[in-house]
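Chemist: One structure coming up, written as structure tokens, with questions to follow.
Since every read-out is calculated from the coordinates, none of them should be taken as a lab result. All values derive from a computational prediction rather than experimental measurement. Cβ coordinates were reconstructed from backbone atoms using ideal geometry, including for glycine residues, and neighbour counts include every protein chain displayed.
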Amino acid sequence: MNIYIVLRNGVFLGILSLLSVLDLSERRIPDRIILVAVSNWLLISFILRQPISLVLLQMAAGVFFGVCVLLVSLITELILKKECLGGGDIKLLFVVCLYLGFWHTFYALGVACVLVLMQQLLKGKTGMFPFAPAIAAGACIVMCVWEM
């Protein structure tokens with residue numbers, strides 16, 4: 001495996017861990033850390049000499065995924081009359097889509113939802129909860145399953 005891909009994925013996992021801790025403790029996902037994740041992905045993409053068309057396609061897929069999740073979240077908020085997903089979670093899903101690709105991010109989001117559902121059922125709680133740790137766990141599981 002290419003050392004740059006290992007480096008990219010290592011930085012990505014470190015960022016996911018940091019964002020999980022921050023979301024658990026402060027209930028926020030700082031834009032600076034999202035920017036570091038995007039910068040790392042761009043830098044390694046250029047070091048690996050990925051065609052600019054592929055880089056732009058991956059970025060477009062990330063934006064599309066984020067917009068889709070935002071729309072679903074807004075519709076759900078209108079129906080339930082309460083906040084469902086924070087802006088930081090949507091930006092985090094954009095970053096995950098850069099690293100994993102569209103379909104793997106879709107799978108990671110599915111895993112995250114199952115993990116949160118299991119947690120909510122086991123604890124018997126409902127209401128607001130930090131979602132970044134579940135997104136991070138979903139992304140890690142998908143990375144392990146597909147050996148990215």
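Chemist: Taking the options C140, C97, name whichever one is free of Cβ contacts under 8 Å to residues at least 60 places away in the same chain, of a type outside the set (A, V, I, L, M) and within 26 Å of L35 (Cβ to Cβ). Give the steps one after another, and end with the answer.
Modeler: Working: C140 fails: free of Cβ contacts under 8 Å to residues at least 60 places away in the same chain.
Going through C140, C97 in turn, the sole match is C97.
Chemist: Considering each residue of the stretch 48-64, count those that are exposed (fewer than 14 other Cβ atoms within 10 Å of the Cβ), in a helix (DSSP H, G or I) and in contact (Cβ under 8 Å) with a residue 24 or more places away in the chain, and give that number.
Modeler: 2
Chemist: Would the stretch 15-35 turn up any residue that is in a helix (DSSP H, G or I), loosely packed, with under 13 Cβ neighbours inside 10 Å and touching a residue at least 24 places away in the same chain (Cβ under 8 Å)? Quick ask: steps written out before the conclusion?
Modeler: Step one: filter the stretch 15-35 for residues in a helix (DSSP H, G or I), giving 15-26, 31-35.
From what's left, loosely packed, with under 13 Cβ neighbours inside 10 Å: 24-26, 31-32, 35.
Still in the running and touching a residue at least 24 places away in the same chain (Cβ under 8 Å): 24, 31.
Scanning the stretch 15-35, I find at least one residue that is in a helix (DSSP H, G or I), loosely packed, with under 13 Cβ neighbours inside 10 Å and touching a residue at least 24 places away in the same chain (Cβ under 8 Å), so the answer is yes.
Chemist: Could you tell me whether the stretch 69-80 includes any residue that is farther than 21 Å from F131 by Cα and of a type outside the set (V, I, T)? Break it down stepwise before answering.
Modeler: If we filter the stretch 69-80 for residues that are farther than 21 Å from F131 by Cα, which is where we start, we get none.
Checked the stretch 69-80: no residue is farther than 21 Å from F131 by Cα and of a type outside the set (V, I, T).
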